[in-house]
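Q: Here it is, the structure, as structure tokens.
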Amino acid sequence: MKHRWTEAAQPKPLKLLCGSLAAAVTLIFAPVHAASPGDPLAAAGRWEGATNGSASTPPMGWSSWNAFRTEIDEAKVLGAAQTLVDTGLAKLGYRQVNIDDGWWVKRRTGDGRLQIRTGIFPSAATGGPDETSFKPFTDKIHAMGLKAGIYTDIGRNACSQAYDLHSPNLPTGTTAEREVGLEGFVTQDINLYFKEWGFDYIKIDACGLADFLPGSDLVKKQNYRAQEPLIERGSINRTDIKAVRERYEEVAAALQAARPGNDYVLSICAWGMANVRSWGKDVGNLWRTSADITPSWTSMLHNFDSAAKRALYAGPGHWNDPDILHIGHGEFDVANPVEVRSHFSLWAMINAPLLVSYDLRNGPASFLEVIGNPDVVALNQDKAGHQGVITYDSDDAQIIVKTLGNGERKAVALFNRGASPAPVTLLAGHLKLSDSAPVTLRDLWSKKSTTFTGEKEIVLAPHETLVFEATGKRQLENGVYLSEIPGSINVAVDGTRQPQLDPTVHRMIDPWSSTRSGGSRPQYAGWGGAQADTTPYGQSLQVAGQVFESGIGVLSNSRLQVKNDAGYAELTASVGVDDSTENTRQPVRFYVYGDGKLLAESAPLAFGAKAPRLKANIRGVKVVELVVRGTKSDDALPVVATWGDAQLTRAAGAGI
Ligand code: GLA
């Protein structure tokens with residue numbers, strides 16, 4: 001893996017320090033911050049977060065998949081587009097119209113050009129029996145002021161060719177003609193989609209790397225070319241993470257060449273597998289974090305959980321994608337208005353793409369009121385791009401807080417996951433607002449306002465989510481906690497050694513195998529990734545008995561980047577080994593860099609050592625980097641390290 005800790009990169013401690021001997025540090029560690037070539041912890045001195053593609057806010061629009069699966073046609077898609085315009089949804093931001101699986105008929109022998117199924121997309125029949133083009137279609141979409149999206153697979157074959165074998169719209173022909181995916185045709189297909197056909201957005205699935213196994217019934221019966229799996233669905237350790245990433249990187253490069261103006265969106269659909277949580281942000285604009293959503297409450301919980309604790313990995317231009325909304329179907333149909341609002345509110349709060357996917361032509365007015373709620377849409381589309389952070393977590397109720405702009409306003413969602421009423425006490429402190437000044441809550445569904453000081457009791461109905469905009473006196477009047485601004489943070493290196501599956505994701509009865517399988521064990525890694533306001537393993541932040549309500553939890557050998565666009569003057573943090581660490585034997589050391597220059601550092605801090613307060617003058621600094629160096633041994637567990645009360649403030653010396 002790319003970010004492997006190397007012995008050469010490790011500063012050599014001569015002696016370990018504990019407690020408050022922080023001042024003696026520089027004498028003890030030599031070299032202080034030596035960065036050897038290839039050291040992943042070396043400060044880059046520039047923002048390394050991805051800047052390619054154009055998804056500065058989460059994509060919004062419509063997708064054909066949950067509405068029609070492969071049984072799409074031009075009338076259905078254009079009908080959805082027209083409804084977006086006619087209802088005013090397009091003006092609210094719902095501009096993306098995405099064709100999913102089912103559009104293709106074959107890859108032409110000879111020149112490899114993809115052929116569109118003109119029986120369902122009549123405008124694509126542009127010339128002769130073999131010549132097809134989506135240009136007339138995308139022209140229509142563009143003329144409506146909308147954007148067009150297309151679907152493909154990173155391997156040779158698409159998901160419908162494994163899972164929708166009854167479909168009338170599967171590719172036809174010889175084995176080679178039915179290989180409609182990108183493998184072997186990346187540049188040709190991307191140029192076709194983006195330069196010739198004029199698409200703006202592409203979703204790239206990954207069944208071609210996972211499901212066409214040598215010797216399988218599927219391959220034999222359907223006469224497909226077999227593919228040794230690069231993604232093994234049941235095993236992250238047997239998945240070739242590097243190879244999967246490289247496949248998507250190849251596409252990203254082709255997209256940049258095809259659209260040098262950056263006007264495209266790349267959606268990675270590897271269902272959270274192949275450790276995409278850690279690299280999706282560097283390669284694409286959004287990446288699925290879980291298996292396909294089904295229209296059931298528990299599937300919604302599962303998908304929500306897969307993205308909700310990844311706040312530090314998302315930000316402007318790159319978003320966690322818990323899948324298309326399932327409003328309109330099953331437990332999110334018109335008879336379940338509470339669940340419909342909850343699903344929508346939760347997606348909005350965690351900066352998920354807002355892609356609705358029911359038959360818009362025939363949808364009820366009540367859905368339009370939900371998806372057209374301008375206040376809820378606005379919090380999802382807030383330019384600062386801070387994903388909501390779960391500030392109170394339980395299997396029953398959660399409180400999610402999202403910073404709007406630079407923190408002048410907050411959005412807060414109170415979410416009842418369960419089927420019984422849930423009593424919730426909202427604290428001003430959950431919002432990082434002062435508990436001695438009034439807090440005003442504006443309910444974004446009822447539009448009613450209330451005010452409280454300190455705390456407020458609210459009983460949530462089963463499955464209910466209330467969403468408020470909250471204003472009050474900020475705890476930090478002259479700055480922000482880093483955990484309030486996840487969208488300004490890039491997790492350059494998170495210190496995880498081996499991808500581990502996240503055990504906290506809700507496990508529903510598997511929709512595909514029922515109880516015949518081992519259960520819906522999430523196959524996406526993320527356990528141990530950097531977290532806002534908790535440790536990487538979901539514990540409260542605490543160093544030598546001192547609890548931190550705010551802060552960033554990381555592992556040793558990690559490097560975070562923080563954008564200082566707002567021009568703060570000082571960074572301060574109380575740093576140390578977290579009391580929850582399993583590895584209590586190894587010391588760690590904290591470093592703060594500004595535009596590549598070392599600004600502050602701690603002593604080597606062992607488990608049990610009190611947290612010294614680091615201060616760094618960051619006036620004029622564009623990118624602050626926070627590095628924790630720890631054990632050099634790959635055999636040792638990473639150390640849980642805490643940047644307690646980490647904050648950026650306007651005036652040097654000002655603080656909490
Ligand atoms: C996969 C994806 C879905 C959809 C289908 C199409 O299952 O995860 O979102 O695109 O393929 O076949």
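Q: Take the residues in the stretch 47-79 that are away from the ligand (no atom under 16 Å from the Cβ) and among the polar types (S, T, N, Q), then tell me which one is surrounded by the fewest Cβ atoms within 10 Å (Cβ to Cβ).
A: Ranking the candidates gives THR51 first.
Q: For the structure I just gave you, tell me whether GLN82 is within 16 Å of the ligand (Cβ to nearest atom) and touching a residue at least 12 places away in the same chain (Cβ under 8 Å).
A: So GLN82 fails the test.
Q: How many residues does the stretch 281-290 hold that are more than 14 Å from the ligand (Cβ to nearest atom) and under 12 Å from the mean Cα position of the chain (by Cα)?
A: Of the residues in the stretch 281-290, the ones more than 14 Å from the ligand (Cβ to nearest atom) are 281-285.
Still in the running and under 12 Å from the mean Cα position of the chain (by Cα): 281-282, 284-285.
So the answer is 4.
Q: Same structure, new question: In the stretch 291-343, how many are within 16 Å of the chain's Cα centre (by Cα) and assigned to a helix (DSSP H, G or I)?
A: Start the filter on the stretch 291-343 by keeping residues that are within 16 Å of the chain's Cα centre (by Cα), which leaves 291-293, 300-325.
Next, from what is left, pick out any that are assigned to a helix (DSSP H, G or I): 300-308, 311-313.
Of the residues in the stretch 291-343, 12 are within 16 Å of the chain's Cα centre (by Cα) and assigned to a helix (DSSP H, G or I).
Q: Sticking with this structure for a sec: The conditions are (1) in a strand (DSSP E or B); (2) buried (at least 24 other Cβ atoms within 10 Å of the Cβ), and LEU599 fails exactly one of them. Which is it?
A: It is condition (2) that LEU599 fails.
Q: Can you give me the number of residues within the stretch 236-270 that are part of a loop (DSSP other than H, G, I, E, B), touching a residue at least 60 places away in the same chain (Cβ under 8 Å) and not β-branched (Val, Ile, Thr)?
A: Of all residues in the stretch 236-270, those part of a loop (DSSP other than H, G, I, E, B) come to 236-240, 259-264, 270.
Those left that are additionally touching a residue at least 60 places away in the same chain (Cβ under 8 Å): 236-237, 259, 262-264, 270.
Restricting the remaining residues to those that are not β-branched (Val, Ile, Thr) gives 237, 259, 262-264, 270.
The qualifying residues number 6.
Q: Regarding GLY529, is this residue in contact with a Lys or Arg (Cβ under 7 Å, 6 or more places away or on another chain), of a type outside the set (A, V, I, L, M, F, W, C), assigned to a loop (DSSP other than H, G, I, E, B) and farther than 27 Å from LEU41 by Cα?
A: No, not satisfied.
Q: Could you tell me whether any residue of the stretch 205-222 is in contact (Cβ under 8 Å) with a residue 60 or more places away in the chain, under 24 Å from ILE324 (Cα atoms) and part of a strand (DSSP E or B)?
A: Within the stretch 205-222 (the criterion being in contact (Cβ under 8 Å) with a residue 60 or more places away in the chain, under 24 Å from ILE324 (Cα atoms) and part of a strand (DSSP E or B)), the answer is yes, since at least one residue qualifies.
Q: Among the residues of the stretch 410-432, count how many are crowded, with 17+ Cβ neighbours inside 10 Å and either farther than 23 Å from SER446 by Cα or of a type in the set (D, E, K, R) (or both).
A: 3
Q: Just to verify a result, which residue in the stretch 170-188, among those that are closer than 18 Å to CYS269 by Cα and surrounded by fewer than 24 Cβ atoms within 10 Å (Cβ to Cβ), is farthest from the ligand (Cβ to nearest atom)?
A: Among them, the one singled out is VAL186.
Q: Here is a further query. Given the residues LEU92, LEU114, which is the only one that is touching a helix residue (DSSP H, G or I) at 6+ places or on another chain (Cβ under 6 Å) and not hydroxyl-bearing (Ser, Thr, Tyr)? Break it down stepwise before answering.
A: Numbers: LEU114 fails: touching a helix residue (DSSP H, G or I) at 6+ places or on another chain (Cβ under 6 Å).
Result: LEU92 is the single residue among LEU92, LEU114 that is touching a helix residue (DSSP H, G or I) at 6+ places or on another chain (Cβ under 6 Å) and not hydroxyl-bearing (Ser, Thr, Tyr).
Q: Of the conditions (1) away from the ligand (no atom under 11 Å from the Cβ); (2) under 27 Å from the mean Cα position of the chain (by Cα); (3) closer than 17 Å to GLN227 by Cα; (4) of a type outside the set (Lys, Arg), ILE150 fails just one. Which one is it?
A: It fails just one condition, (3).
Q: Let me ask something else. Can you name the residue in the stretch 183-226 that is of a type in the set (Gly, Ala, Ser) and within 29 Å of the chain's Cα centre (by Cα) and is also nearest to TRP287 (Cα to Cα) among such residues?
A: Initial filter on the stretch 183-226 (of a type in the set (Gly, Ala, Ser)): 184, 198, 206, 208, 210, 215-216, 226.
In the following step, the residues that additionally are within 29 Å of the chain's Cα centre (by Cα) were identified as 184, 198, 206, 208, 210.
On the way: GLY184: 22, GLY198: 22, ALA206: 12, GLY208: 17, ALA210: 17 Å.
The residue in question is ALA206.
Q: I'd like the full set of residues that are assigned to a strand (DSSP E or B) and farther than 17 Å from VAL376 by Cβ, limited to the stretch 437-459. Explain how you work it out, then say what you get.
A: Narrowing the stretch 437-459 to residues assigned to a strand (DSSP E or B): 438-443, 449-453, 455-459.
Of everything in the stretch 437-459, those that are assigned to a strand (DSSP E or B) and farther than 17 Å from VAL376 by Cβ turn out to be PRO438, VAL439, THR440, THR450, THR451, PHE452, THR453, GLU455, LYS456, GLU457, ILE458, VAL459.
Q: Do we have MET273 as without any contact (Cβ under 8 Å) to a residue 60 or more places away in the chain, among the aliphatic types (A, V, I, L, M) and surrounded by 24 or more Cβ atoms within 10 Å (Cβ to Cβ) here?
A: Answer is no for this residue.
Q: Tally the residues that are polar (S, T, N, Q) and either in contact with a Lys or Arg (Cβ under 9 Å, 6 or more places away or on another chain) or at pLDDT below 95 (or both), restricting the search to the stretch 304-340. Quick ask: steps written out before the conclusion?
A: Of the stretch 304-340, the ones polar (S, T, N, Q) are 306, 320, 336.
Filter again for either in contact with a Lys or Arg (Cβ under 9 Å, 6 or more places away or on another chain) or at pLDDT below 95 (or both), leaving 306, 320.
The qualifying residues number 2.
Q: Looking at ASP200, ASP211, which is the one that is within 23 Å of PRO353 (Cβ to Cβ), acidic (Asp, Glu) and crowded, with 21+ Cβ neighbours inside 10 Å? Don't jump to the end; show me each part of the working.
A: On the way: ASP211 fails: within 23 Å of PRO353 (Cβ to Cβ).
The match here is ASP200.
Q: Exactly one of (1) among the small types (Gly, Ala, Ser); (2) more than 16 Å from the ligand (Cβ to nearest atom); (3) buried (at least 17 other Cβ atoms within 10 Å of the Cβ) is unmet by GLY102. Its number?
A: Status for GLY102: all satisfied but (2).
Q: On to the next question. Checking ASN157 against (1) more than 16 Å from the ligand (Cβ to nearest atom); (2) closer than 22 Å to VAL244 by Cα; (3) crowded, with 21+ Cβ neighbours inside 10 Å: exactly one of these is not met. Which one?
A: Condition (1) is where ASN157 drops out.
Q: Do the conditions hold for SER123, that is, is it away from the ligand (no atom under 16 Å from the Cβ), among the polar types (S, T, N, Q) and touching a Pro at 6+ places or on another chain (Cβ under 6 Å)?
A: yes
Q: Name the residue that is nearest to THR132 (Cα to Cα), counting only residues in the stretch 193-223 that are in contact with a strand residue (DSSP E or B) (Cβ under 6 Å, 6 or more places away or on another chain), away from the ligand (no atom under 14 Å from the Cβ) and not hydroxyl-bearing (Ser, Thr, Tyr).
A: Per the criteria, the residue is PHE199.
Q: Suppose we filter LEU360, LEU355 for residues that are touching a residue at least 60 places away in the same chain (Cβ under 8 Å), under 30 Å from THR70 (Cα atoms) and within 16 Å of the ligand (Cβ to nearest atom); which single one remains? Even if it seems obvious, please write down each step before you answer.
A: Numbers: LEU360 fails: within 16 Å of the ligand (Cβ to nearest atom).
Going through LEU360, LEU355 in turn, just one is touching a residue at least 60 places away in the same chain (Cβ under 8 Å), under 30 Å from THR70 (Cα atoms) and within 16 Å of the ligand (Cβ to nearest atom): LEU355.
Q: Just one of the numbered conditions (1) within 14 Å of the ligand (Cβ to nearest atom); (2) surrounded by 23 or more Cβ atoms within 10 Å (Cβ to Cβ) is not true of SER167; which one?
A: That leaves (2) as the condition not met.
Q: Oh, and also: Out of ILE371, ILE400, ILE327, I need the residue that is buried (at least 23 other Cβ atoms within 10 Å of the Cβ) and within 16 Å of SER483 (Cβ to Cβ). Which one?
A: ILE400
Q: Here's something else I'd like to know. Could you list, in sequence order, the residues of the stretch 617-640 that are surrounded by fewer than 21 Cβ atoms within 10 Å (Cβ to Cβ) and either at pLDDT 95 or above or not in a loop (DSSP other than H, G, I, E, B) (or both)? Walk me through how you get there before you give the answer.
A: Applying the first criterion (surrounded by fewer than 21 Cβ atoms within 10 Å (Cβ to Cβ)) to the stretch 617-640 yields 617, 619-620, 622, 631-637.
Those that are surrounded by fewer than 21 Cβ atoms within 10 Å (Cβ to Cβ) and either at pLDDT 95 or above or not in a loop (DSSP other than H, G, I, E, B) (or both): ASN617, ARG619, GLY620, LYS622.
Q: May I ask you to list pairs of residues, at least six apart or on different chains, whose Cβ atoms are under 8 Å apart, with the first in the stretch 103-127 being within 16 Å of ILE190 (Cα to Cα) and the second being assigned to a helix (DSSP H, G or I)?
A: Filtered contacts from the stretch 103-127: GLY112/GLN188; ARG113/GLN188; ARG113/LEU192; LEU114/ASP189; LEU114/LEU192; ILE116/ALA124.
The values are calculated or read from the model by the stated rules, or taken from the named source; none is laboratory data. Everything numeric in this text was worked out from a predicted model, so none of it was measured. Positions of Cβ are backbone-derived with ideal geometry, glycine not excepted, and every protein chain shown enters the neighbour counts.
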